[in-house]
Every structure is written in structure tokens, then in C-alpha cells.
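Inspection log for the structure reproduced underneath, given as C-alpha cells.
The values are calculated or read from the model by the stated rules, or taken from the named source; none is laboratory data. Here the structure is a predicted model, which means the values were calculated and not measured. So basically every Cβ, Gly included, is an ideal-geometry build from the backbone, and we count neighbours across all protein chains shown.
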Amino acid sequence: MNYFLTAFCIFLCRETATLNTEVLGDSKSDEIPLEAQMLTGEPLIRYLRENQNLFEVEPARHDYKLKLMDIGLMDKNRKPVVENDGPDDDIPESFDGRKVWSNCSSLSYIRDQSNCGSCWAVATASAISDRICILTKGAMQVTISATDILSCCEFCGFGCRGGSTIEAWNYFTEEGVVSGGNYGTKGCCQPYPLPPCGHHENETFYYECNKEAATPECQKRCHPGYRKLYRMDKFYGKGAYELPNSEKAIQREIMKHGPVVGMFRVFRDFYNYKSGVYKHTAGSQEGEHAVKIIGWGKEGETPYWLIANSWHHDWGENGFFKMLRGSNHCRIEELVVAGLVDNDVTRRL
């Protein structure tokens, strides 16, 4: 009996380590000890402070798991890869979209997805907003609605349980998306319907983040008081594509057209991120998440992606974070998608 238990434990540890390596996308030298994968709460924070120096941590403010997509959605609805090869000597060591396109305020705009796994729709809507501004050289500054994608895209997935970022871009191309913004935003067609959950300093408290929100129903009409018809407020794209698992290809795409949407597997230590370059160090896998990648750089000798999250501006570095770049860490470089904005973005007849 003891032999059986010992053999089973060895098998379990090996399988967990193998899975962990596959999930991270890194070399075997980066495997996480099994006991570290099980940590939560204060022991997790203490372990992170004692065993790594790339990023600072703090206690998690909310139950962020409700903001994640179910595990497994990253591998669904994959599309043919669009190659983006070219010389590497034109790629700068650092690139911050907020500075490069400083006339586009959307690049600094942080959204709040509340207690809904709508990151796939939120990140896509955010990247579309940026690309419209970039294409028009700042002439058209619009905040694209995540709600229109989340609620009305029937082929995109499962609403607040998660969805396909490539299909969200396809929806933008085929059906168009109206204007929007965070909860309570005025002067747009469809602001986000869910208020921020949890406590945020000097802001209204609505409810705790302790229950997953139901996917809002599709409403093909604009918010009362907005003077445009739903169909007349649409903005359109002209194609969606997946980028190769290539650091350089992702960089060139951002430089040429603007921010892209990436997905990665989330571990519990990501909840505790405060600043610096995130590298998974401890904690179990919690789910999957979609985010907007706006640039890159180096902190010391550590290369990173510069990324906008959608967990409110009081998370991380004012809503943004840096993640290890160049090793497909947590699969961040494996499923990056984007799309082009139609030159006649409103398709007005």
C-alpha cells in the first residue's frame, strides 16, 4: 500500500510539472515546485517576496477569478496565421504606444470588466478604438463598445464565461460595433452595463465581486438620451487575423497598425501583481485572460511586453502591467490576434 501511494505521488508530481512547463511555454528550468503551486493568501505573498525580484506584490483586492475565462477557450476558434516577416533592425528596444500615438487618448484608457469574463470583448473593443484613432491620425476618437460584442456576437462564444478574440474582430468586420465606454459613460450608444465590483478608493461602491455576472442581453438600440440610431452608430473593420508565435512579428504588427489582443493563462500570483515585470512564480492556474498589448521594453536586462489590463485603474501600474517577453511566457505570444479598420470605418452611404 505504501509503495502504491509513493508511486502515485511521484507520478502526480511529474505530471503536474510537465503540465506546468507546457502551460508556461518556458524551459524546464522554470518549472514551479509543486508546493509553491498550492500557495494562496499571505503564504503566497511571502513566497513571492522571498523568491523573486522581478515584480512587487500586494494583497489581491478582489476575487479576480470571476474576471477570467474558462480554461480551454484559448485553443478554440483558431484561424490561419498571417505571417509578418521582415528585417529586425527597424524594431526599437522600447516602444510605448501611449507615447507614440499621444494624440489618441484611448491608449491610456483603462476599462473595468467587473465580475464578468468579458475580457475577450473588452480587450478587442479597446484595441479597435486605438486602431481607428491611429488610422485617422487622431481625427476620429471613439470608444468602441465592448457590450455590443459581448452581448450581440452570437458566434463569439459564451459571454461572461469567455469567448473568441478572433471572432470578436470578425464581428467588427461583418456586423460593425457601436460606441461605448465604461459603466455610466455619457454620450455613447452602449456603455458597459455592469458597474465596477468591489471597493475602489473615492468611488461609488455597488457590490462585492463574489458572484459571476450573467451575460447582458443583446440590445440593438442605443442608450436612452443618445441621439443616434443603433445601426447608424456602427464602425467597421476589414478583416481579422492571427499572428505567428513570434516576438518580432508581434512587434512589427504593433508598430505598423497599433495595439494587438493577446491571451494568456493566469495563475494566482498574477492577482497580487503591483509593479515590475510579471513572471509566474507560484500559485495554481486560475483561468485564461485576454488583454491589449500596446508596446514593449526592458527593465534592467529583463525584456517585457507593455499591456493594458481591464481590472480598473487601481490594479497594477495604474491599470497596466509588464509581462516577460520573448519566451511565450504563460502562452502570451502564442495566440495574438488583430484586425484592420475599414478605410470607410462608418460605411456611410
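Tabulated data for the structure shown
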{"quantity": "Answer from GLU83, GLU42, GLU50, GLU93 - the residue that is at negative phi, at pLDDT 95 or above, acidic (Asp, Glu) and in a loop (DSSP other than H, G, I, E, B)", "calculated": "GLU93"}
{"quantity": "Test: residue in the stretch 205-215 that is loosely packed, with under 15 Cβ neighbours inside 10 Å, free of Cβ contacts under 8 Å to residues at least 24 places away in the same chain and hydrophobic (A, V, I, L, M, F, W, C)", "calculated": "yes"}
{"quantity": "The stretch 134-158, residues that are in contact with a helix residue (DSSP H, G or I) (Cβ under 6 Å, 6 or more places away or on another chain) and either free of Cβ contacts under 8 Å to residues at least 24 places away in the same chain or assigned to a helix (DSSP H, G or I) (or both)", "calculated": "ALA146, ILE149, LEU150, PHE155"}
{"quantity": "Near pairs, Cβ below 7 angstrom, 6+ apart or cross-chain, from the stretch 266-279 (under 14 Å from ARG331 (Cβ atoms)) to any residue that is of a type in the set (S, T, N, Q) and part of a loop (DSSP other than H, G, I, E, B)", "calculated": "PHE267/SER284; LYS279/GLN52"}
{"quantity": "Pairs, first among the small types (Gly, Ala, Ser) in the stretch 53-65, second crowded, with 16+ Cβ neighbours inside 10 Å, C-beta under 6 Å, six or more apart", "calculated": "ALA60/TYR271; ALA60/ASN272"}
{"quantity": "Selected residue (criterion: farthest from ILE32 (Cα to Cα)) from residues of the stretch 215-246 that are of a type outside the set (D, E, K, R) and part of a helix (DSSP H, G or I)", "calculated": "MET232"}
{"quantity": "The stretch 53-71: number of residues that are in a helix (DSSP H, G or I) and crowded, with 19+ Cβ neighbours inside 10 Å", "calculated": "3"}
{"quantity": "Residue check for ALA249: outside any loop (DSSP other than H, G, I, E, B), surrounded by 16 or more Cβ atoms within 10 Å (Cβ to Cβ) and touching a Phe, Trp or Tyr at 6+ places or on another chain (Cβ under 6 Å)", "calculated": "no"}
